[in-house]
Amino acid sequence: MKLFYSDASPYARCVRVLLRYYGVNDVAEVIVDPFVNDAEFLRCNPLAKVPCLSLNDGSSLYDSEVIMKFIDAKYGDCKLFAGQYNDWANQCHFSLLKGMLDSAVSLRQEQLREQDGLRSDFWAARFEQALLRGLKQVEQLGLSHFQELTAQQVMLVCLLDYLDFRHPQLSWRKVVPALSLWHGNIAQTELFLSTLPKR
């Protein structure tokens, strides 16, 4: 199997964390630039988005949530997503975090548009506000309180690291001090340090 990913993608990083968590060694990780339109990558995912997992039978899986659930089912007996398949609240919490990742990436895209004079202050502020509201909700829900690692926690660490990486101006720690304390501990474990995007 082959995982196509870009180093800065928080979505791809979630998948790479799961591969390390389960000690998977039969998936080759291949860095791609989604904007280059590499022929092999496009054959695997016509949407040209990462992550994309090319399976041994020639088929592909894309969307980080799909790939994470595949890895969790194949290598971990659904450990990280345990109990979530019939739990609508848990699924909603996962969607909340995934939506926050979407907002963080969209905010980055707005920043990149600034050099062309196309940045929208309205949309940038809207994405920032969504992130801060979402983080308050996450802290209130106590998603970081589980003793065993969960899929939501993997996504949460990747989100917070991405905020530090791409949006250092966003003072999220002042808004959610308890979450900041939790992140300061778990983000320093080898599982997450080994997948940090290059600075």
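The values are calculated or read from the model by the stated rules, or taken from the named source; none is laboratory data. This is a predicted model, so every value here is computed, not measured. Every residue, glycine as well, gets a Cβ built from its backbone with ideal geometry; the counts of neighbours run over all protein chains shown. For the accessible areas, the whole protein counts, side chains as well, though only heavy atoms, and no ligand, DNA or RNA atoms are used. Shrake-Rupley method; radii C 1.70, N 1.55, O 1.52, S 1.80 Å.
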State yes or no: is residue 89 hydrophobic (A, V, I, L, M, F, W, C), touching a Ser or Thr at 6+ places or on another chain (Cβ under 8 Å) and open to solvent by less than 70 Å² (accessible area, probe 1.4 Å)?
no
Number of the exception - residue 42 against (1) in contact with a Phe, Trp or Tyr (Cβ under 7 Å, 6 or more places away or on another chain); (2) surrounded by fewer than 18 Cβ atoms within 10 Å (Cβ to Cβ); (3) part of a helix (DSSP H, G or I):
(1)
Return the residue satisfying two criteria in turn: it lies in the range 45-56 and is part of a loop (DSSP other than H, G, I, E, B) and among the aliphatic types (A, V, I, L, M), and of such residues it is most open to solvent (accessible area, probe 1.4 Å).
47
If residue 77 meets every condition in (1) buried (at least 18 other Cβ atoms within 10 Å of the Cβ); (2) within 24 Å of residue 149 (Cα to Cα); (3) not small (Gly, Ala, Ser) apart from one, which number is that one?
(1)
Tell me, yes or no, whether the range 129-143 has at least one residue that is surrounded by 15 or more Cβ atoms within 10 Å (Cβ to Cβ) and basic (Lys, Arg).
no
Return the pairs, sorted by first residue and then second, in which the second residue is surrounded by 10 or more Cβ atoms within 10 Å (Cβ to Cβ) and among the hydroxyl-bearing types (Ser, Thr, Tyr), the first residue lies in the range 173-199 and is within 19 Å of residue 136 (Cα to Cα) and free of Cβ contacts under 8 Å to residues at least 12 places away in the same chain, the beta carbons are less than 6 Å apart, and the residues are 6+ apart or on different chains.
173/180
Evaluate the range 31-38: report whether one residue or more is in contact with a Cys (Cβ under 6 Å, 6 or more places away or on another chain), without any contact (Cβ under 8 Å) to a residue 60 or more places away in the chain and either open to solvent by less than 50 Å² (accessible area, probe 1.4 Å) or acidic (Asp, Glu) (or both).
no
Within the range 1-27, track down each residue that is open to solvent by 50 Å² or more (accessible area, probe 1.4 Å) and not in a loop (DSSP other than H, G, I, E, B).
2, 20, 21
Filter result for residue 96 (assigned to a helix (DSSP H, G or I), under 18 Å from residue 68 (Cβ atoms) and out of contact with any strand residue (DSSP E or B) (no Cβ under 9 Å at 6 or more places or on another chain))
yes
